[in-house]
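Just below is one structure, and these are the notes that go with it.
The values are calculated or read from the model by the stated rules, or taken from the named source; none is laboratory data. Computed from a predicted model, the values in this text were never measured in an experiment. Don't worry about glycine lacking a Cβ; one is built from the backbone with ideal geometry, like all the others, and counts go over all protein chains shown. Calculation scope for accessible area: heavy atoms of the full protein, side chains included, ligands and nucleic acids excluded. Shrake-Rupley method; radii C 1.70, N 1.55, O 1.52, S 1.80 Å.
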Amino acid sequence: MLDKYIEFLEYLMGSLNKYFSEQAPYITCKMGCAKCCSNGDYPFSEIEVEYLKQGFNKLDDKTKEIILSNIKQIIIDKKNNTKETFTYKCPFLIDNVCSVYEQRGIICRTFGLIYLKEGAKMQIPFCAYEGLNYSNVLDPEKDMLMADKMKDLGIEVEPKAYNIHYSFLTSDRVAHAFQFEYGKKGSLIDLLSEDTTFNP
C-alpha cells in the first residue's frame, strides 16, 4: 500500500515541480523560510503519517528526542487550549528546516502556489500577505493580484491557480486511481498522538 502512495507522490511531484517552475517569478520559497510550518493545523492522513515514519526512523537519536519532545508539548498545549482554533509549529521543524523533508506531507508539498477551492475560487497562499510568494503582484488592501504590477515588473507569465487543494488530492477518487487508501484524516498532531511511534 505504501509503495502505491509513493508512486502517487512521484506523479504529484512531477506536476508540482512544473507548476512551481511556471510560477517562478512569484515564488520566494527557499530553505530556512518556514512561515508555512510555524503556525498551522496541518491536515494529514494515516498513510502520510506512515510515510513520515520512514523519515523519522532514519534520524539520529538526538533529533528524534527533539521531535518527540515537541509532539509531547503540542499535545499538552492542545489540551490546555481555550480558543476556538488551535495552531502550532510543526514538530518536525527544527531550526527552520524540515527534519523529514523527503517524507513531508501533501499539504507541505503544495503550499506556496495559488490553488482552486470548491466553487473554482482562487486561494492565494497566506505568505503573500507577509512579503513572500506572489507579494510582488499583490494589493493587500484590495486582496487582489494586480495585472499592472505584473506589467511593471516585466513578468510575462500570469499568476495561475492549480487544482491542488488538499481535499481534492486526498479524495477517494484519487487514491483509488493509484490503488491505495489514505485511511483516517485529521490534524497532524491528532494523528501523531494516536501513533505509538510518536506518542509512546
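Of note:
- Taking (1) over 17 Å from residue 27 (Cβ atoms); (2) without any contact (Cβ under 8 Å) to a residue 40 or more places away in the chain; (3) touching a strand residue (DSSP E or B) at 6+ places or on another chain (Cβ under 6 Å); (4) open to solvent by 80 Å² or more (accessible area, probe 1.4 Å) in turn, residue 117 satisfies each apart from (2).
- Cross-chain or 6+ apart pairs with Cβ under 6 Å, region 150-167 first and without any contact (Cβ under 8 Å) to a residue 24 or more places away in the chain, then open to solvent by less than 50 Å² (accessible area, probe 1.4 Å) and of a type in the set (A, V, I, L, M, F, W, C): 150/137
- Total residues in region 120-147 satisfying the condition of being among the small types (Gly, Ala, Ser) and either in contact (Cβ under 8 Å) with a residue 24 or more places away in the chain or part of a loop (DSSP other than H, G, I, E, B) (or both): the figure is 3.
- Qualifying residue in region 90-104 (condition: in contact with a Pro (Cβ under 8 Å, 6 or more places away or on another chain), closer than 19 Å to residue 16 by Cα and not in a loop (DSSP other than H, G, I, E, B)): no
- Condition met for residue 103 (within 26 Å of residue 199 (Cα to Cα) and open to solvent by 40 Å² or more (accessible area, probe 1.4 Å)): no
- Scope region 148-160; condition part of a helix (DSSP H, G or I) and over 15 Å from residue 124 (Cβ atoms); matching residues: 148, 151, 152, 153
- Failed condition for residue 108, given (1) in contact with a Gly (Cβ under 8 Å, 6 or more places away or on another chain); (2) assigned to a helix (DSSP H, G or I); (3) crowded, with 18+ Cβ neighbours inside 10 Å: (1)
- Verdict on residue 129 being modelled with pLDDT of 95 or more and either polar (S, T, N, Q) or surrounded by 12 or more Cβ atoms within 10 Å (Cβ to Cβ) (or both): no
- Single residue of 71, 47 found to be surrounded by 18 or more Cβ atoms within 10 Å (Cβ to Cβ), over 30 Å from residue 152 (Cβ atoms) and touching a Pro at 6+ places or on another chain (Cβ under 8 Å): 71
- Scanning region 31-39 turns up at least one residue that is touching a helix residue (DSSP H, G or I) at 6+ places or on another chain (Cβ under 7 Å), open to solvent by less than 70 Å² (accessible area, probe 1.4 Å) and either among the hydrophobic types (A, V, I, L, M, F, W, C) or at pLDDT 95 or above (or both).
- Cross-chain or 6+ apart pairs with Cβ under 9 Å, region 79-94 first and on the phi < 0 side of the Ramachandran plot, then small (Gly, Ala, Ser) and part of a loop (DSSP other than H, G, I, E, B): 89/34; 90/34; 92/99; 93/34; 93/99
- The listed residues are 145, 93, and the only one of them that is under 16 Å from residue 27 (Cβ atoms) and either surrounded by fewer than 16 Cβ atoms within 10 Å (Cβ to Cβ) or among the hydrophobic types (A, V, I, L, M, F, W, C) (or both) turns out to be 145.
- Cβ-Cβ under 6 Å pairs, at least 6 apart or on other chains, region 175-198 side open to solvent by 20 Å² or more (accessible area, probe 1.4 Å), far side of a type in the set (Gly, Ala, Ser) and not in a helix (DSSP H, G or I): 183/45; 185/45
- Members of region 13-30 that are open to solvent by 60 Å² or more (accessible area, probe 1.4 Å) and of a type in the set (A, V, I, L, M, F, W, C): 29
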